[in-house]
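Notes for the one structure printed next.
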Amino acid sequence: MDMQPSLFVKMARDTWTERVKATSELIGRLSDDQLMNEVAPGRNRGIYLVGHLATVHDMMLPLLRFQEMLYPALKPVFLDVPDRTVPSLPPVQQLREQWTAVNETLMKHATGLSAEEWSTRHASVSEADFAKEPHRNRLNVLLGRTNHLSYHRGQLALLTSKE
């Protein structure tokens, strides 16, 4: 058995897990007031980024062919439109809880997949297209979402200096 695919999957999953944990800790340290601030002038507020990340991770559940989304009502608020275009957002505490629930669900599914299963297609690619482009797999989704998470975690970190 070739250990390289298993090793690569482990490294990718470990990186994902570390980034989720670090982001969760940061979200936990930021006050509700800090999360109402923009990360920079004219940019998204922290609350929007928390909701956005929860939504994107929730959308990973069906994309990775695990299950349906837990909170589909978040998508129109945190993905389909920019910040400040919806009259009211869910409470910060609710978003924190949804962020946690989504990531716990993702982790349960992700840890159960073998390296071979990680190399199978994700839900947005057809069997025919996947045969031509096998890199459009579940692991590639995880790698892309890890980068996405890291980017927004960096934005959220800017809020630690804002009161």
Give the residues of region 80-113 whose amide nitrogen is closer than 20 Å to a point set 7 Å from the Cα of Ser150 in the direction of its Cβ.
107
Once neighbouring chains are kept in place and the probe is 1.4 Å, which whole percent of the accessible area of the chain is contributed by carbon and sulfur?
55
For region 1-155, accessible area per residue (1.4 Å probe, heavy atoms of protein chains only), Å²:
52
Across 5 Å bins from the origin, how do the percents of Cα pairs in region 1-148 run, short distances first?
2, 9, 18, 20, 18, 14, 10, 6, 3, 1, 0, 0
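Where the only charges are on Cβ atoms (+1 Lys, Arg; -1 Asp, Glu), what is the dipole of the chain about its Cα centre, to the nearest 20 debye?
Working: 19 positive and 19 negative charges, 38 e Å.
That gives the chain a dipole magnitude of about 180 debye.
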Lys/Arg +1, Asp/Glu -1 at C-beta; region 1-142 dipole; positive extreme among Met69, Met36, Trp118:
Met36
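Can you figure out the FRET efficiency of Ser24 with Lys132, using R₀ = 25 Å and their beta-carbon distance, to the nearest 0.05?
It comes out at approximately 0.10.
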How many nm is it between the label spots at Leu158 and Asp80, if each spot is 7 Å from the Cα in line with the beta carbon?
2.8
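In the chain, which whole DSSP H runs stretch at least 15 Å along their own axis (Cα) and average 0.0 or higher on the Kyte-Doolittle scale?
Those that clear 15 Å and a mean of 0.0 are 46-63.
The values are calculated or read from the model by the stated rules, or taken from the named source; none is laboratory data. Bear in mind that the values here come from a model prediction, so they are computed numbers and not experimental data. Note: ideal-geometry Cβ built from the backbone for every residue, glycine included; neighbour counts use all protein chains shown. All accessible areas refer to the heavy atoms of the entire protein, side chains included, with ligands and DNA or RNA removed. Shrake-Rupley method; radii C 1.70, N 1.55, O 1.52, S 1.80 Å.
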